[in-house]
Amino acid sequence: MKLTLYSDYSLRVLMYLARTDNRTQIDEIAKFYNISKNHLTKVVNNLASLGYIETTRGRGGGISLKLLPEEINIGKLIRKTEEHFNIVECFDRETNTCPIIDQCGLMSALGEALHAYLKVLDKYTLQDILNKRTFEL
């Protein structure tokens with residue numbers, strides 16, 4: 001499973017904001033991550049509409065976390081920032097053209113894997129991922 005850049009950038013913005021006590025400008029985050037300001041502006045607007053961050057316009061304005069890092073669940077965030085979870089074509093019944101869908105167990109196996117993937121992400125908060133962790137495949 002690969003996350004979209006939109007979800008990746010959403011996580012990066014939240015992580016950046018969690019590490020600062022001051023209101024931050026989108027320019028600052030864009031420069032830090034070397035990401036387009038236009039892309040980040042869309043991400044920030046969405047995070048604000050979802051209630052994760054506060055935005056303030058004008059002098060002294062900027063963006064900051066609206067919730068505490070331990071209140072932001074990673075699994076829920078990913079579900080809100082990913083457009084869909086169509087890992088393979090057959091996950092979308094409307095556009096699927098695979099002729100063996102009714103005889104194939106791949107969709108079931110991948111659906112189970114997707115469920116497990118999201119279940120693991122549900123265990124973590126923003127606070128959890130702020131700490132460096134290592135893992136092995």
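The values are calculated or read from the model by the stated rules, or taken from the named source; none is laboratory data. Keep in mind the model is a prediction, meaning the values are calculated, not measured. With ideal geometry, Cβ positions are generated from the backbone for all residues, glycine too; neighbour counts draw on all protein chains shown. For accessibility, only protein heavy atoms count, side chains too; no ligands or nucleic acids. Shrake-Rupley method; radii C 1.70, N 1.55, O 1.52, S 1.80 Å.
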By the C-alpha gyration tensor axes a ≥ b ≥ c (rounded if a/c is under 1.5, else prolate when a/b exceeds b/c, else oblate), the shape of the chain is prolate
Restricting to Cα pairs under 8 Å and 6 or more apart, the percent relative contact order of region 1-99 works out to 28 percent
proj_area_mean for region 1-72 (convex hull on C-alpha atoms), units nm², value 5.0 nm²
Quick note, region 39-79: a/c under 1.5 would make it rounded; otherwise a/b > b/c is prolate and the rest oblate (a ≥ b ≥ c, C-alpha gyration tensor); here it is oblate
Taking a probe of 1.4 Å and leaving out DNA, RNA and ligands, the chain shows per residue an accessible area in Å² of 69 Å²
For region 1-66, listing trypsin sites (Lys or Arg not before Pro) in a DSSP loop whose Cβ sees at most 16 other Cβ atoms within 10 Å gives 2, 19, 23, 57, 59, 66
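What stretch of the chain, leaving out the sites themselves, is the longest with no GluC sites (Glu not before Pro) in a DSSP loop having at most 16 other Cβ atoms within 10 Å?
Excluding the exposed sites themselves, the longest stretch runs over 1-81.
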For the table 31/119; 80/119; 31/123; 2/37, the rows whose alpha-carbon distance is greater than 26 Å are 31/119; 31/123
So the carbon and sulfur contribution to the accessible area of the chain, 1.4 Å probe, in percent, is 51 percent
